[in-house]
1. Identify, by number, the condition in (1) hydroxyl-bearing (Ser, Thr, Tyr); (2) touching a helix residue (DSSP H, G or I) at 6+ places or on another chain (Cβ under 6 Å); (3) assigned to a helix (DSSP H, G or I) that Thr8 doesn't meet.
2. Could we say that Thr94 is hydroxyl-bearing (Ser, Thr, Tyr) and crowded, with 23+ Cβ neighbours inside 10 Å here?
3. Quick check on Ala34: is it surrounded by fewer than 24 Cβ atoms within 10 Å (Cβ to Cβ) and either acidic (Asp, Glu) or out of contact with any Phe, Trp or Tyr (no Cβ under 8 Å at 6 or more places or on another chain) (or both)?
4. Restricting attention to region 227-251, and to residues there that are surrounded by 16 or more Cβ atoms within 10 Å (Cβ to Cβ) and closer than 13 Å to Pro262 by Cβ, which single residue is modelled with the lowest pLDDT?
5. Keeping to region 151-174, report how many residues are among the charged types (D, E, K, R) and either in contact with a strand residue (DSSP E or B) (Cβ under 7 Å, 6 or more places away or on another chain) or free of Cβ contacts under 8 Å to residues at least 12 places away in the same chain (or both).
6. If you take the residues of region 196-215 that are of a type in the set (Gly, Ala, Ser) and crowded, with 21+ Cβ neighbours inside 10 Å, which of them is nearest to Met21 (Cα to Cα)?
7. Identify, from the list Leu175, Leu218, Leu144, Leu182, the residue that is buried (at least 19 other Cβ atoms within 10 Å of the Cβ), in contact with a Pro (Cβ under 9 Å, 6 or more places away or on another chain), under 20 Å from Asp89 (Cα atoms) and aliphatic (A, V, I, L, M).
8. Of the numbered conditions (1) assigned to a loop (DSSP other than H, G, I, E, B); (2) more than 14 Å from the chain's Cα centre (by Cα), Ala177 satisfies every one except a single condition; which is it?
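The values are calculated or read from the model by the stated rules, or taken from the named source; none is laboratory data. The structure displayed is predicted, hence computed values, not measured ones. Please note: Cβ atoms are built from the backbone with ideal geometry, for glycine as well, and neighbour counts cover all protein chains shown.
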Amino acid sequence: MSAITLATLNKFKAERKRFSMVTAYDASFAGAAARAGVASVLVGDSLGMVVQGGASTASVTLEDMAYHTACVARGIASCGAAAPLIVADLPLGTYYTPQEAGQNAARLMRAGANAVKLEGGAWLADTVRFLSERGVPACAHLGLTPQTADMLGGYKVQGRDEAAARRIRDDAALLEAAGARLLVLECVPDALGAAVAASLSIPVIGIGAGPATDAQVLVMHDMLGVSPGRKARFVKDYMAQAGGIEAAFRAFAEEVETGVYPAPEHCYG
């Protein structure tokens, strides 16, 4: 069984084959996602909220991320299925300079990540280029960036007005030119998600970014119906239908690949 690589995801984009990504933070759930056919696993700093019980992602440390990345990598390696691509978040405060980003990214790569994710726009171009030149694949993250949600006015849809949408489009092009290999686009109107995905040659992974992105990602706890409180519009509870964790992952992967998810009720106009 061949592992999923960045080349695989680029091939999927070229062939217009949608693919799935889910978050995972430990060996057991990562193995279940791999067996279900999920193409990529994100070790997200969302663990600060869904695992550690924090109010945001801000408290997550590099040590936390390295530990959970290693757990995920071991779970995938031992699951007996094709290995999904592992993307790990660089947490808040660990990539303010290119050199700092390089050192901290290396730690996550040694823990088992295949790529690292960074939140931010044009100011990150030099850092993305620095990582790319040193063989560290970078996944950019635009739109709603949870690490700096307070600066954006909270967890709100981004890019609704033309100036904000243009900034996101321009930042996406700049980060791709700097060497970003993937882009996560969060909580933007459908039309903007479609425009960004169409304009880039790298895969665009949407979360609340409409049906036209190249892939979809959900936080594991959301899609399994575990997260308490009010759910974001883009969340769908797959556990309620599937009745089992691995089956829920499989249903999500299949609905992404066939275009069933996201449906209109999961999208922003």
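1. Answer for Thr8: the failing condition is (2).
2. no
3. For Ala34, the condition - surrounded by fewer than 24 Cβ atoms within 10 Å (Cβ to Cβ) and either acidic (Asp, Glu) or out of contact with any Phe, Trp or Tyr (no Cβ under 8 Å at 6 or more places or on another chain) (or both) - is not met.
4. Top of the filtered list is Ala232.
5. So the count comes out to 4.
6. Ala215
7. None of the others qualify; the one that does is Leu182.
8. (1)
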